[in-house]
Amino acid sequence: MSDQQAPTPTVTVYSTPWCAFCRTEKQWLESLGVSFASKDIEEDESAKQELLAKLGGQFQGVPTTDIAGEIIIGFDRPKLQAALTKAGLVAV
């Protein structure tokens, strides 16, 4: 038997420096105590390519958030909250 825990689901926020909704979403995640990776798709070409791969090549805007494999476009608080809860990252 192993004592290892399952890995924590990951949260990645793809954003740009000028995006107000991106900043607001990151502040909101921080206020919930959710750790996340922030990737600037303007400064980091590999982050941009990673995002496009997840979206099937169709860029749809920022912020785009990947919560344990679920992609949410825009700062859609109800969808983000539901995905975070489903992934066990926030209490119900």
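The values are calculated or read from the model by the stated rules, or taken from the named source; none is laboratory data. For clarity, every value in this text was computed on a predicted model and none was experimentally measured. So basically every Cβ, Gly included, is an ideal-geometry build from the backbone, and we count neighbours across all protein chains shown. Protein only, heavy atoms only, side chains kept; ligands, DNA and RNA dropped before computing areas. Shrake-Rupley method; radii C 1.70, N 1.55, O 1.52, S 1.80 Å.
For L80, L32, write out the residues from largest to smallest accessible area, computed with a 1.4 angstrom probe and no ligands counted.
Working: L80 0, L32 65 Å².
Largest to smallest exposure gives the sequence L32, L80.
Values (i) 12.9, 41; (ii) 13.6, 49; (iii) 14.6, 43 are given for comparison; Rg and Dmax of the Cα atoms in Å, derived from the coordinates here, is the one labelled (ii). You can think of it this way: the chain between E42 and Q60 has 5.0 nm of extra reach, that is 0.36 nm per residue less the Cα-Cα gap.
Approximating the spin labels as points 7 Å out from Cα along Cα→Cβ, the F21-to-V90 distance works out to 1.7 nm.
Legend: residues E25, E30, sorted from most to least accessible area (1.4 Å probe; ligands, DNA and RNA excluded), read E30, E25. Our note on the geometry: Cα centres of segment 68-84 and segment 16-44, 13 Å apart.
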